[in-house]
Amino acid sequence: MAEQAEILKRFGGILRVEKPSKQELPLLPEARDFPQVVLRFAPNPDGPLTLGNARPAVLCDYYARRMNGRLILRFEDTSPSVKPPLKEAYDWIIEDLEWLGIHPDEVYYQSDRLQTYYKYAEKFIEKGFAYVCLCKPEEFRSFEKRGEPCPHRDQDPSLSLSLWEKMLNGGLNPGEAVVRVKTDMKHPNPAIRDWPALRIDVAKHPRVVGFRVWPLYNWSCAIDDYEMRVSHVIRGKEHLTNEVRQSYVFKYLNSPQPVSIHIGRVRLEGSVLSKSRIMRGLAEGAYTGLDDPRLGTLKALRRRGFKPEVIRRVVLEMGLNITESTVKWENLYAYNREAVDWEAERYYFVKNPFTMIVRSIPQQVEARLVRHPSRPELGYRNIVLKPLNGEAQLIVSSKDVENLAPGSRLRLMSLFNIEVEHVDPHSKTVKAFFKSLEVPEKSSGIKLIHWVLPSDAVKTVVLMPDASLVEGLGESHLTRLEPGRIIQLVRFGFCKVEKVSKNVVNLVFSHP
RNA sequence: GCUCCGAUGGUGUAGCCCGGUCAAGCAUACGAGCCUCUCGAGCUCGGGGCGCGGGUUCAAAUCCCGCUCGGAGCACCA
């Protein structure tokens, strides 16, 4: 098979050799009492999605498809003051998921569901599963610490109910009251003891107005997972104790609790993945935007030319592991190269240009530059070099010539071989003379360099991963590429075309 | 401090529940060679790992205990 592919490639190069697909992840543990696999991805719309969010998102999507289930996207936007939702972030998230190939079957906004959370709260209070607590946070903490009930725990449900009314209608102010779910004041983990379910928050919300009581995470999450018949929850391990907290809600509802699977956090080597830090940096002007190449946002990765399947691949490779893992850029590069090499046409780009003056060129030379070394069927472009009195100018990269001694030989790829006579770093020029036309033997050790003709050069600016700009000259063919295309600048690296105009080409560097 | 988790080569993982077939598989990175008019791709080969210490057992990466290291939570955040 590989041999056949090789032969075909030599003949027409139309066959792409597919790698065998990697191993499948194990199936999710069975969730008894649930008729269907239902998963939810539940981000807080307070910033852009990062590689870190991609982990649960991709896993949920993977299992929803794999196990013939449903995927729910749920915006958890119930903290108007502490984690204020961003109006734009809702769309960012949908876009980013779309890019990853994730199309949720249902979308919910928790800010639309406040009445639902109220309804259950009332029911819980009536039945004595929850109560309105008027303790100051510090006061309650001391009861919690000692494992003793606070004075409000055992008050009559009717009292709690009237306090609840006051919370809703303005008779109580933020910080004065909170609804607590009764758990176990002697629970070995103090964090579990009578946790707060709803509180008063009068800050403005970008989507809805007129509400002053907002559910806290464990309340809205448990109620929603219950109502939406979520069978499996895949989320970060920071939620480990929340699973226990929420178990009380399911117990009171007399309903099975979804199977929780906690996964470790993702770190991206040398990048910031924390939404709050990203948003802060953005506000301080440390980054140029959500897609600043230094960021680990999905938007930045997309801008840099990473394919969504590469993100999916690294996520699926990490699997359902609870241990934290660090993604190496090297790995992303390798996977993306594999994803992109086949489609990336090759072009010449000269960084830090030097002018090379070549004399003694016997005749006009036509360089045939193939678009892809492994795919001759993509064709080539001819670049004609017309010497004047045997002399011609070329543009080459400083790095390739600045330290060359007279007598050094070079091969200008697809063109001819030269011998250096003189290098002048100040004027950035190299004098050389024509040596021969034929491709040198591999054993000769003659270095191959690329070049651009002055008559065929366009200013090219490449945005690098550290947000610096590399300027140089590229061949004019670059101006014919549509934005979004992935190309390879020969001996420089893979880049994504961002913007082209007649006079300048803007690229974003992907990786070597 | 308290409550929980986790630990397989540089990195990410498979195996651990149900001990032997694991002198540990895969990917990537790395090294060598082949191929190639790119510092890209492809092909072949290679080096590299079960955190430490005890115990159970004929047999332990797998079970038990202790230690070390790492992580998470202990918010009227999600």
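Along the range A:44-51 the Karplus relation, 6.51 cos²θ - 1.76 cosθ + 1.60 evaluated at θ = phi - 60°, assigns HN-Hα couplings of 8, x, 10, x, x, 6, 10, 4 Hz to successive residues, with x for each Gly and Pro. Total lysine pairs in the range A:355-448 at Cα distances under 16 Å, for residues eight or more apart or on different chains: 4. Extending 7 Å from Cα along the Cβ direction at A:I322 and again at A:E106 yields two label points whose distance is 2.9 nm. Here the peptides A:383-391, A:214-222 are ranked by packing, the mean other Cβ count within 10 Å, and the order with the highest first is A:214-222, A:383-391. Straight Cα distances below 19 angstrom link A:K502 to the aspartates and glutamates A:D456, A:E471, A:E475, A:E482, with same-chain residues fewer than 8 positions distant left out. For the range A:220-257, backbone nitrogen atoms closer than 20 Å to the point 7 Å from A:Q36 Cα along Cα-to-C-beta are found at A:223-234, A:256-257. DSSP assigns beta bridges within the range A:360-512; of those with both partners inside it, close to 80 percent run antiparallel. Note that chain A presents 47 Å² accessible area per residue, ligands and nucleic acids not counted, probe 1.4 Å. Between A:G305, A:V213, A:V490, the Cα set farthest toward the positive side of the dipole of chain A (charges on each charged residue's Cβ, about the Cα centre) is that of A:V490. Tell me, what % of the accessible area of the range A:456-511 is carbon and sulfur with a 1.4 angstrom probe? Carbon and sulfur: 51 percent of the exposed surface of the range A:456-511. Sequence-ordered 3J(HN,Hα) estimates for the range A:139-147 from the Karplus curve with 6.51, -1.76 and 1.60 and θ = phi - 60° stand at 4, 4, 4, 6, 5, 4, 4, 7, x Hz, glycine and proline given as x. Of the solvent-accessible surface of the range A:355-448, computed with a 1.4 Å probe and all protein chains present, 49% belongs to carbon and sulfur.
Remark: the range A:163-237 carries a charge dipole of roughly 180 debye about the Cα centre, counting +1 on each Lys and Arg Cβ and -1 on each Asp and Glu Cβ. Dimensions of chain A from C-alpha coordinates, computed as largest minus smallest value along each principal axis and given longest first, are 104, 52, 37 Å.
With 0.36 nm allotted per residue and the present C-alpha distance subtracted, the A:E24-A:E269 stretch has 85.6 nm of extension available.
Note on A:E238 and A:E391: the extension gain reaches 48.2 nm, defined as 0.36 nm multiplied by sequence separation minus the Cα-Cα distance. With a/c under 1.5 counting as rounded, go ahead and sort the range A:458-508 into rounded, prolate or oblate using the C-alpha gyration tensor (a ≥ b ≥ c being the square roots of the eigenvalues; past the cut-off, prolate if a/b is larger than b/c, else oblate). Taking the square roots of the gyration eigenvalues as a ≥ b ≥ c, the range A:458-508 is rounded.
To the nearest ten degrees, helix A:240-252 and the longest principal axis of the Cα atoms of chain A are 40 degrees apart.
The values are calculated or read from the model by the stated rules, or taken from the named source; none is laboratory data. Fair warning: this is a prediction, and the values are worked out from it, not measured in the lab. Glycine also receives a Cβ, built like all others from the backbone with ideal geometry; neighbour counts cover every protein chain displayed. When the accessible area is computed, the model is the full protein with side chains, heavy atoms only, and any ligands, DNA or RNA have been set aside. Shrake-Rupley method; radii C 1.70, N 1.55, O 1.52, S 1.80 Å.
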